[in-house]
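In what follows, a single structure is set out as structure tokens and then discussed.
Laboratory data are not the source of any read-out in this text; all were calculated from the coordinates shown. Since we're looking at a predicted model, the values are computed, not measured. With ideal geometry, Cβ positions are generated from the backbone for all residues, glycine too; neighbour counts draw on all protein chains shown.
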Amino acid sequence: MTSTLELRQYTHDDLSEIRQTLLDVHDDVYAAQMDDEFNQKFPWFVDHWGGHPQFSCMIAYEGDKAVGFAYGAPGTEGREWWREHLDPAPEKTRTFHFSELMVRERWRKTGTAEKLHRALMAPRDEDLAALLVDVTHPRVQALYESWGYRKVGERHPFPDSPVFALMLVDLPLP
Ligand SMILES: CC(C)(COP(=O)(O)OP(=O)(O)OC[C@H]1O[C@@H](n2cnc3c(N)ncnc32)[C@H](O)[C@@H]1OP(=O)(O)O)[C@@H](O)C(=O)NCCC(=O)NCCS
């Protein structure tokens with residue numbers, strides 16, 4: 001199934017072109033959880049992340065169909081997600097905030113998610129990548145551990161957001 005998969009990279013300048021695609025994949029992946037107010041805020045998050053001048057997004061296509069995506073942007077120096085959790089700070093601190101990853105159900109367990117992640121990270125020149133994963137999703141956390149991430153703390157960024165495990169990996173990826 002993944003043989004015809006094509007990965008394409010997009011930037012901040014492409015946001016208007018890809019915005020609806022991201023929303024469509026999200027609405028499919030989270031269809032059963034759209035009564036959750038946090039999930040309903042996804043368009044706001046797309047505009048927030050896509051508004052970053054160094055936003056980077058990889059979308060996987062099978063033919064014309066977008067089957068999944070991964071995106072993020074560099075963290076602001078001094079305000080990286082790990083700042084209040086790591087003392088002393090790591091020696092090298094430039095951090096890419098890996099904000100979103102999702103793949104439509106039919107393309108799960110096909111390696112598509114890992115390909116998206118690797119492709120998103122390959123051109124990065126930061127020292128670290130950081131992500132947040134819902135603490136009630138230990139299997140997703142285990143997946144990220146298998147990709148080299150380690151948990152360094154927990155965060156609850158918004159009152160209506162889940163509690164997240166904060167995970168870090170050194171770049172380039174192992
Ligand atoms: C995360 C994702 C991209 C990984 O895809 P993948 O590499 O093909 O891996 P899988 O889909 O097999 O997921 C790995 C494990 O996490 C579990 N999992 C995935 N998404 C989950 C979710 N939203 N909630 C709870 N568990 C989840 C899977 O059931 C699987 O468990 P298993 O190992 O016991 O079978 C894909 O599962 C997905 O799109 N999930 C929904 C969106 C999501 O949760 N994104 C991550 C946000 S941090």
Would any residue of region 150-174 have its amide N under 13 Å from a label point 7 Å out along Cα→Cβ of Ala122? List them or say none.
173
At most 15 other Cβ atoms within 10 Å plus a DSSP loop assignment makes a site exposed; report the longest stretch of the chain without any exposed GluC sites (Glu not before Pro).
92-174
Show me, bin by bin at 10 Å from 0, the whole-percent P(r) of the chain based on Cα pairs.
9, 38, 40, 11, 1
Of region 46-70, those with amide N under 13 Å from the point 7 Å along the Cα→Cβ vector of Ser161 are 46, 48-49
Expressed in nm to one decimal, what extension gain is obtained for the pair Gln20 and Thr4 from 0.36 nm per residue of sequence separation less their Cα-Cα distance?
3.5 nm
Helix-only [θ] at 222 nm, the chain, -39500 (n - 2.57) per DSSP H run of 4+, per residue, nearest 500, equals -8000 deg cm²/dmol
Please list, by residue number, everything in region 38-57 whose backbone N is under 11 Å from a paramagnetic label point 7 Å out along Cα→Cβ of Tyr30.
38-46
For region 14-114, what is the convex hull (Cα atoms) projected area averaged across all directions, in square nanometres?
8.1 nm²
What number in nm² do you get for region 102-174 if you take the convex hull of its Cα atoms and divide its surface by four?
5.4 nm²
Round to a whole angstrom and tell me the spacing of the C-alpha centers of region 59-84 and region 1-48.
11 Å
